[in-house]
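Here's the structure, in structure tokens; my notes come after.
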Amino acid sequence: MDQRIERVYETVVTRNPVEPEFLQAVREVLESLEPVIASRPEYSDMAILERIVEPERQIIFRVPWVDDEGHVRVNRGFRVQFNSALGPYKGGLRFHPSVNLGIIKFLGFEQVFKNALTGQGIGGGKGGSDFDPHGKSDMEVMRFCQSFMTELHRHIGLNTDVPAGDIGVGGREIGFLFGQYKRIQNSFDAGVLTGKSLSWGGSLARPEATGYGTVRFAQSMLGTEGDSLEGKTVIVSGSGNVATFAIERAQAYGATVVSCSDSSGAVYDSAGIDLELLRQIKEVDRGRVADYAALRPTAQYHSGKNVWSIPADVALPCATQNEINDHDAARLIGNGVKLVAEGANMPSTPEAIEAYREAGVKYAPGKASNAGGVATSALEMQQNSARQQWSFEDVCAKLDAIMIDIHDTCLATAENFGHPGDYVLGANVSGFQRVADAMLEQGVN
Ligand code: GLU
């Protein structure tokens, strides 16, 4: 890194000493920015880097709630409003025991550049809680969501900050959160949350969007060499919203998807994942992938293992951060993987990314390839403002166009800066420039 960028990074390390994921996300972006900082001195003169790594606002709050036994429980809630240069803060809420301020800051930081890449006028933010919805009753989840929103409502708004889902926050949670917001505000502000149910302001294809978009992005990457997903063997990690719709879309493109996973273990299904069965187990029974393998004759379950040792042409990590380390990357490469496109946020460690680069594996970072989720959230906001509901085909066509545009922008930027095929540089530089130029025009704030 050049000296000026290194100094900015050192300040971030000093200010945020116990937030490894945040430091990792910042470092990855800063490392890409050397050529753009060198060619645009006004960015340095106006301290754009120093400002862009510091969230505009960080909110931490107590979330007390009562469980089914009548015991009072206390969780911690977060909302990090990272950057509003391009529009209202936008980004999901994550409910997972691993959530802490550093995790939310890394996600918020990634979101700033991801949202800029969509070209839709949305700033970046993220929030969540260390609450674990697993094993909780619907009523417990409701009471938690109501308590969470009782504090969060004062910080969000249609034109201020628009949360959505992430890990542990799906349609059920968004419903409870919206109900409480509406009650407190006495106002049906549909566009204050996205990922809503269809009948009260949700968008068709929003559930599908992150997984579909990731696969559309992978298809474009292969398309640069006249190739496609047709006939490819694909491994997917995870079994939640992003993973299941990535599997669906990859299958629709003619690929065979042979894996899925959860935090307990991995499934290898030589015949290809039976999505109907997987959905029944995950969504209806709220079960585990082990249950899938038990019911599926062609599937094997590997307790405590991940999917990265399964031979494949294409890998789509759709679970969580840092799920592919250098060892996993070596396995993937040894088995001949040609492409990695991230459906999750920051699933590859820096060492894994370096290994892809050395081996010439095509690699798309999540902030580019998983942007379809938030892009469709912005389409949901548009529909809410216009009091319209677009058809599934219309939303999917817009989503595809956005993913193709992000792909082409990343590729063109990488080419312009002398790193052809480097989607990391392409995504970081083009996202950064959009935010930085808006910050310049809006003065020091
Ligand atoms: N949590 C998703 C993401 O990581 C979606 C955010 C949104 O729709 O606002 O981009």
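Computed from label points 7 Å out along Cα-Cβ, the spacing between V72 and E354 is 5.0 nm.
Of K338/K398; K105/K367; K232/K305; K196/K367, which ones are farther than 20 Å apart at the Cα? Don't jump to the answer; show the numbers that get you there.
Details: K338/K398 28 Å; K105/K367 14 Å; K232/K305 23 Å; K196/K367 23 Å.
Over 20 Å apart, Cα to Cα: K338/K398; K232/K305; K196/K367.
Pull out the extension gain between H419 and E42, defined as 0.36 nm times the separation in residues minus the alpha carbon to alpha carbon distance; nm, one decimal. It would help to have the intermediate numbers written out before the result.
Values: separation 377, 0.36 × 377 = 135.72 nm, distance 2.32 nm.
Stretched out fully, the H419 to E42 stretch lengthens by 133.4 nm.
Computed from the Cβ-Cβ distance with R0 of 45 Å, the FRET efficiency linking D408 to Q185 stands at 0.65. If R0 is 45 Å, the Cβ-Cβ spacing of A294 and E10 corresponds to a FRET efficiency of close to 0.30.
As a test of the formula, what do you get for the chain when each DSSP H run with n ≥ 4 contributes -39,500 (n - 2.57) and the sum is divided by the residue count, at 222 nm and rounded to the nearest 500 deg cm²/dmol?
It lands at -15000 deg cm²/dmol.
Across segment 385-439, Cα pairs under 8 Å and at least six residues apart give a relative contact order of 23 percent. In summary, the helical segments of the chain meeting the span-like criteria, namely a full DSSP H run, a Cα extent along the axis of 15 angstrom or more and a mean Kyte-Doolittle hydropathy of at least 0.0, are 101-118, 138-152, 241-252, 392-416, 423-441. Placing unit charges on each Cβ (+1 for Lys and Arg, -1 for Asp and Glu) gives segment 289-399 a dipole about its Cα centre, and among A290, V395, C318 the Cα reaching farthest toward its positive end belongs to V395.
Taking trypsin sites (Lys or Arg not before Pro) in DSSP loop states with no more than 10 other Cβ atoms inside 10 Å as exposed sites, the chain has its longest site-free stretch at 1-285.
Look at the dipole of the chain built from charges on Cβ: of G165, I37, S228, the Cα furthest out on the positive end belongs to G165.
Return the percentage of antiparallel bridges among DSSP beta bridges fully within the chain, rounded to the nearest 5 %. Numbers along the way, then the final one.
Numbers: 27 of 46 bridges.
Once the DSSP bridges in the chain are tallied, antiparallel ones form about 60 percent.
Calculate the dipole size of the chain relative to its Cα centre from +1 charges on Lys and Arg beta carbons and -1 charges on Asp and Glu beta carbons; express the result in debye to the nearest 20. Present the calculation step by step, with values, prior to reporting the outcome.
Details: 41 positive and 56 negative charges, 231 e Å.
The calculation lands at about 1120 debye.
Efficiency by 1/(1 + (r/R0)^6): what FRET value for A386 and R62, r their Cβ-Cβ distance, R0 = 41 Å, to the nearest 0.05? That pair, A386 with R62, gives E of 0.60.
Placing a label point 7 Å from the Cα of E31 along the Cα-to-Cβ line, the residues of segment 312-329 whose backbone N sits under 20 Å from it are 317, 320-329.
Bear in mind these aren't lab numbers, they're just calculated from the coordinates by the rules spelled out. Small disclaimer: the values here were computed from a predicted structure and weren't measured. For neighbour counting, all protein chains shown are included, and Cβ atoms are generated from backbone atoms with ideal geometry for every residue, glycine included.
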